[in-house]
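Visitor: Please see the structure below; I have some questions.
The values are calculated or read from the model by the stated rules, or taken from the named source; none is laboratory data. Keep in mind it's a predicted model, so treat the numbers as computed, not measured. A quick note on method: Cβ atoms are made from the backbone with ideal geometry, for glycine too, and the neighbour counts reach across all protein chains shown.
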Amino acid sequence: MKKSEYIIMIIACILILSGCWSVGEKRIIQEETLSKLEIGKSTKEDVKTLLGKPLEVDFMTNGEEQWKYTYAHGKMKGTALIPFAAFVTDITEEEINTLTIHFSETGVLKKFGAGKMESGSGSVLIKK
């Protein structure tokens, strides 16, 4: 094999292993979208129009309804190319974003909170 063929094979391997992925509703991490949520005013239909169907719906004992949305994305790190690296270090970078929305018994937005976890660490972004 020629040197140029080896280089092409290496580049192809890097491109294949450097894949990115995402799942869920990306709109939950967009500030301009979240700014449209109005406590005491937005209804369940307003939220569904803005964010789509929730991933999970819970009914609380106090009559409130809770909707949960998730958006996760990640990519492979360069260490993924090192044989057996997964045994000693993380070979991916992941970020999981959640949005939890509470509605009153009448179906009006009562409160919401957003959070983010990045490859093992967590932090709260917004809580209203």
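Visitor: Considering only the range 56-68, state which residues are part of a loop (DSSP other than H, G, I, E, B) and either surrounded by 13 or more Cβ atoms within 10 Å (Cβ to Cβ) or in contact with a Cys (Cβ under 6 Å, 6 or more places away or on another chain) (or both).
Guide: Selection gives 64 alone.
Visitor: Identify all residues within the range 56-69 that are of a type in the set (D, E, K, R), more than 11 Å from residue 107 (Cβ to Cβ) and touching a residue at least 24 places away in the same chain (Cβ under 8 Å); write none if there are none.
Guide: 68, the sole residue that qualifies.
Visitor: Follow-up. All but one of (1) under 27 Å from residue 119 (Cα atoms); (2) surrounded by fewer than 15 Cβ atoms within 10 Å (Cβ to Cβ); (3) at pLDDT below 80 hold for residue 74; state the number of the condition that does not hold.
Guide: Residue 74 satisfies every listed condition except (2).
Visitor: Within the range 44-55, identify whether any single residue is at pLDDT 85 or above, part of a helix (DSSP H, G or I) and in contact with a helix residue (DSSP H, G or I) (Cβ under 9 Å, 6 or more places away or on another chain), and answer yes or no.
Guide: yes
Visitor: With respect to the numbered conditions (1) modelled with pLDDT under 95; (2) at negative phi, which one is the sole condition not fulfilled by residue 101?
Guide: Unmet for residue 101, out of (1) modelled with pLDDT under 95; (2) at negative phi: (1).
Visitor: Any chance you could count how many residues in the range 24-43 are within 17 Å of residue 66 (Cα to Cα) and at pLDDT 95 or above?
Guide: Number satisfying all stated conditions: 7.
Visitor: Now for a separate question. Considering only the range 31-55, how many residues are within 19 Å of residue 97 (Cβ to Cβ) and either crowded, with 16+ Cβ neighbours inside 10 Å or in contact (Cβ under 8 Å) with a residue 12 or more places away in the chain (or both)?
Guide: The qualifying residues number 10.
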